[in-house]
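Structure, as structure tokens:
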Amino acid sequence: MDHESLLASRALRTEVAGRTEALDKVKALVLLPDGLHVTTKMVADYFGIGLKTLESLVLDHRDELESNGYQVLAGASLTSFKKVCAVSPRVNSIALFTRRTVLNVAMLLRDSVVARHVRTHLLDRAESTPGRPVDNFIHSLAEWIDTRIEDALTHTGRTDREREAAGTLAALDAMTPAEFEQHIARLCRRDGCEQITVTSGHGDRGADIIGYTPSGRRLVVRCEGRTAATTIGSGDVQKFIGTAGLDHRADAALYVATCPFTREALLLSARHEVTAVHRGLLEAWNNGTRLRALG
């Protein structure tokens, strides 16, 4: 597989359409407050191209882009979206791209330097990926064997959903609350955190995971597995701020959710130095991007 192959073949693009972490390897993609979408202008700015160039590409490849999340909102759906993302009331319609759609654009844009760098990361990963699927939580054969032995001894093997959580939001959405907490704990350990403990709701006072960052700061994590149609509001964040600060004396606090945060919730989180790991950021973290808060 090479650059020309990706540019020419929709089938090849489909094979790597879920590897959105390649975007973050090149340049930070700023999302709207819902944590899921970007506008046409935001995509054009990311790739350093003109709006007309992007609009022409969408016109030529709309069917493919729609299969990867591109949509145009109007009417009642736009009204609901405006409440979450503070869109101007004068806007009658808005085109939205997901991270997956933006990656799709990167595989179609021939003359963007940023797009070419994204494709390079995709190709590098494709060359280093083994020919058969590997457990998302296992990074070496030795670790795979050790884990299987441990599972056999304790009779607590991972569920199929956990084993198949290969960087997709769908897999995270399918997890039970307990599975989701365990998965987030694994991500923390993967990124070097220590003494990570899942409280399992027993006197946790609103903290689902506690531990220490690689630099030794006390870490407190709240996990919320909700549907993408719901939101984390400022009231939810306010409660966690009290929990993290007063009850647990946290130096680093993460509020991790499978749904978007409202604009007010994001602003409140920022003011109190709580990292709001919304749906879009969660996807990037799950796919290998390290959270700055865990540094």
In region 1-35, how many residues are within 15 Å of the chain's Cα centre (by Cα), buried (at least 19 other Cβ atoms within 10 Å of the Cβ) and among the β-branched types (Val, Ile, Thr)?
1
How many of the residues in region 216-238 are buried (at least 18 other Cβ atoms within 10 Å of the Cβ), outside any strand (DSSP E or B) and of a type in the set (A, V, I, L, M)?
1
Having 3 or more residues that are at pLDDT 90 or above and within 25 Å of Thr227 (Cβ to Cβ) is the bar; report the helices (runs of 4 or more DSSP H) wholly within region 1-79 that clear it.
62-67
From the set of residues in region 237-294 that are within 14 Å of Cys223 (Cα to Cα) and among the hydroxyl-bearing types (Ser, Thr, Tyr), which is nearest to the chain's Cα centre (by Cα)?
Thr258
Determine if region 252-267 includes at least one residue that is part of a helix (DSSP H, G or I) and either under 18 Å from Thr197 (Cα atoms) or touching a residue at least 40 places away in the same chain (Cβ under 8 Å) (or both).
yes
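The values are calculated or read from the model by the stated rules, or taken from the named source; none is laboratory data. Bear in mind the structure is a predicted one, so any value in this text is a computation, not a measurement. Don't worry about glycine lacking a Cβ; one is built from the backbone with ideal geometry, like all the others, and counts go over all protein chains shown.
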